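Novice: First the structure, then my questions, so here it is.
The values are calculated or read from the model by the stated rules, or taken from the named source; none is laboratory data. None of these values were measured; they are calculated from a predicted model. Cβ atoms come from the backbone with ideal geometry, glycine included; neighbour counts cover every protein chain shown.
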Amino acid sequence: MKLNEHELVDRYIYYLQRYIPYDKQEAAKEDFLDILRDRLPEIYTEEDIKKELNRMGNPYEFAGAYSEPGNFLISGKNYEIFKAFLKILSISALIGLIVFTFNYFRRFQGTGLFDVLKSLVVSIFILSLLPSWICEKIKTTKILNALMEEWDIDKLYESQKLKLEVYEIGLLMVKFSMFFMLQIYILTASINISIVTYSFIMLLFFINVLSVNLKFSENTIFSMTMYVEYFVDIFSIISLIFVTSYFMPRIFAIKIIILCNIINLILNSYTISKSKNILLSRKKRKKNRRRNKKDRD
């Protein structure tokens, strides 16, 4: 078995690469493997690997050499995610504007196009920056907590890297473009749609962007982000059904957003069901750690 295929080494590499910029992840991995090979004897056992990994210390410390200074209060991988979301949301806003124009062109007669575009630009920037900033704070807190604890390789749980398919990016862009279309619909509405309803719709938009941003930042399908995404999908579906029952018409953009949330729920459930052995392994190891701690006490 190759060294990087060993389960303990694979775990260490995952946490090492977790928050550093994408373009430096492979270099960090190779440097780590070179150092580990030099330290291990020619014929090594699992105990040798475990001993050396414990000596090398927390992977977040090793990763510090590959981190970059912050930009706009965001650093490393989260800054790259911020730039990616600027592009995704900009394209989604353009699609939403085009679809809206084809369906509701006359609505622009009562509202200035410049005011609508200004609102879209502000939304794009806030929806890109604020979720990335929140993810940065979560990352910093996690790293600090991990560095303050006593280091042990057994504290690194099995995980599975997030692998995004093209259709998943497409699904995101469809949902985001429909949210932008919904925003334009409310801004140009001839009927009275309250500011509270508008603010609530934008809050739903924000938490949908945040849940995806968290998943990208954490780079795994097995963490609290999984439960956050489930909550956001279910909350969005229920909220939009409620809003369209009492406060605004159920236009097709809302129906598509609900459909996207349902599809995302199904996809996440399928992905987790395929990898449930990882979750079972995590539970077992957490249980063993608690038992060992009780024995020591």
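Novice: Residue check, ILE13 against (1) in a helix (DSSP H, G or I); (2) of a type in the set (Val, Ile, Thr); (3) more than 17 Å from THR220 (Cβ to Cβ), all met but one. Which one?
Specialist: Failing condition for ILE13: (3).
Novice: For the condition among the β-branched types (Val, Ile, Thr) and touching a His at 6+ places or on another chain (Cβ under 7 Å), what is the one hit in ILE35, ILE49?
Specialist: Exactly one residue qualifies, and that residue is ILE49.
Novice: Just wondering, is there one or more residues in the range 46-60 that are aromatic (Phe, Trp, Tyr) and either without any contact (Cβ under 8 Å) to a residue 60 or more places away in the chain or closer than 30 Å to LEU172 by Cα (or both)?
Specialist: No, there is no match, as no residue in the range 46-60 is aromatic (Phe, Trp, Tyr) and either without any contact (Cβ under 8 Å) to a residue 60 or more places away in the chain or closer than 30 Å to LEU172 by Cα (or both).
Novice: Here is a further query. Kindly establish whether GLU7 is charged (D, E, K, R), within 25 Å of the chain's Cα centre (by Cα) and exposed (fewer than 13 other Cβ atoms within 10 Å of the Cβ).
Specialist: yes
Novice: Does the range 198-207 contain any residue that is assigned by TED's automatic domain parsing to the domain that holds PHE242, modelled with pLDDT under 90, farther than 19 Å from ILE262 by Cα and among the small types (Gly, Ala, Ser)?
Specialist: No, the range 198-207 has no match at all.
Novice: Keeping to the range 245-267, report how many residues are touching a helix residue (DSSP H, G or I) at 6+ places or on another chain (Cβ under 6 Å) and free of Cβ contacts under 8 Å to residues at least 60 places away in the same chain.
Specialist: 4
Novice: Would you mention how many residues in the range 17-64 are assigned to a helix (DSSP H, G or I) and among the β-branched types (Val, Ile, Thr)?
Specialist: Looking only at that region, the number is 2.
Novice: Pairs needed: first member in the range 26-41, under 18 Å from GLY64 (Cβ atoms); second member anywhere, hydroxyl-bearing (Ser, Thr, Tyr) and in a helix (DSSP H, G or I); C-beta distance under 9 Å; at least 6 residues apart or different chains.
Specialist: Final answer for the pair search is ALA27/TYR66; ALA28/TYR66; ASP31/TYR66; PHE32/TYR12; LEU36/TYR12.
Novice: Shifting gears a bit: Of all residues in the range 211-240, which are more than 15 Å from ASN268 (Cα to Cα), surrounded by fewer than 20 Cβ atoms within 10 Å (Cβ to Cβ) and among the small types (Gly, Ala, Ser)?
Specialist: SER239 - this is the single residue of the range 211-240 that is more than 15 Å from ASN268 (Cα to Cα), surrounded by fewer than 20 Cβ atoms within 10 Å (Cβ to Cβ) and among the small types (Gly, Ala, Ser).
Novice: For PHE85, are the conditions met, namely being among the aromatic types (Phe, Trp, Tyr) and closer than 28 Å to ASN219 by Cβ?
Specialist: Criteria met by PHE85.
Novice: Same structure, new question: What do you reckon, is ILE81 at pLDDT 90 or above and under 31 Å from the mean Cα position of the chain (by Cα)?
Specialist: no
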